[in-house]
Amino acid sequence: MPRRSIRFVVVAALVLAGCARPGHRGGSLPAGSEVYALRYGTLRNFPVASLVAGADTSRRMDIALMVWLIRRPDGRNVLVDAGFYRDKFMQRWKPADYIKPSDAVRLVGLQPDDITDIIVSHVHWDHLDGADLFPKARVWIQREEYTHHVNGTGRPLDRAIDSLDAAMLLGINRAGRVRLVEGDDQEIMPGIRAYIGGKHTFASQFVTVDTPHGIVVIASDNMYLYENYAKHAAISQTLDAASNLRAQERMGKLASNVRLIVPGHDPLVFVRFPSPGKGVAKIE
Ligand SMILES: [Zn+2]
């Protein structure tokens, strides 16, 4: 074969190899969704016994504050949870290494307006409060989580939700941007499903995402730390510990691999998935 032809064949082979993506044959199919944990801060010296039922009460650790981003091949950018930013929470909790959740999405080159959807796992302040930082997003929440916590005038019906966040959520609803999820095992959009999470709050949910690396489970606070799963220990804050353990077992079955279950506050996420780094962990 003439030298020039060999070079052509080698170049063509490299181009084809570059097009192929893991999990897809032939290289012509669109890639699946990518999942990232984005870190927006740290709560220092948090008592582990508040996270893992039965843990030694003397143990303390720095916990990560995260939101999770699903980048879809169709261009939709979906956040799971929205973090917090209001002064009230900043003053009370004094997070370290804090950036606004709307700046956390800039770590992967997105603008707040680029977020098309937010799936709220539950109404706690550190997961819901930032929802109004993303003015174009539809906000997905379990119907029972919404109706249990917020009345028709935006007043809180349960102390799990902060009054400011209850009013904010009503405002988003009145703007026509709330989408209520109707219970367990629901498709939010192709490749993204919501499941009831085991009573961290009245109707907390967790999310699965079909990726080229397998099914990723975004547990949020339905599994605070890897240690919950490893020790088969319920989360400390649950209205029903047995139901939470069942939810964690189910996460193990739904995930393609248990390493693809992403816990809600564990800084080890950024150790186990060190790439690309600087507060961004690609789950793969
Ligand atoms: Zn929570």
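Values quoted throughout were computed directly from the atomic coordinates according to the rules given, and no laboratory measurement underlies them. Model, not experiment: these values are computed from the prediction. Reconstructed Cβ throughout: ideal geometry from the backbone, glycine too, with neighbour counts over all protein chains shown.
Tabulated data
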{"quantity": "DSSP bridge pairs, the chain: antiparallel proportion in percent, nearest 5", "calculated": "75"}
{"quantity": "Cα centre as origin, Lys/Arg/Asp/Glu Cβ charges: segment 128-238 dipole, Debye", "calculated": "280"}
{"quantity": "Alpha-carbon Debye profile of the chain, log10 I(q)/I(0) at 0.10, 0.14 Å⁻¹", "calculated": "-0.52, -0.97"}
{"quantity": "Cα-centred dipole magnitude for segment 196-250, charges only on beta-carbon of K, R (+1) and D, E (-1), debye, nearest 20", "calculated": "100"}
{"quantity": "Residues with amide H under 5 Å from that of Arg138, placed H, sequence gap 5 or more", "calculated": "Asp117, Ile118"}
{"quantity": "Which listed pairs, of Lys94/Lys253; Lys136/Lys199; Lys88/Lys253; Lys136/Lys253; Lys136/Lys231; Lys100/Lys199, have C-alpha distances above 32 Å, in listed order", "calculated": "Lys94/Lys253; Lys88/Lys253; Lys136/Lys253; Lys136/Lys231"}
{"quantity": "Charge dipole magnitude, Cβ of K and R +1, D and E -1 - segment 184-284, Cα centre, debye nearest 20", "calculated": "260"}
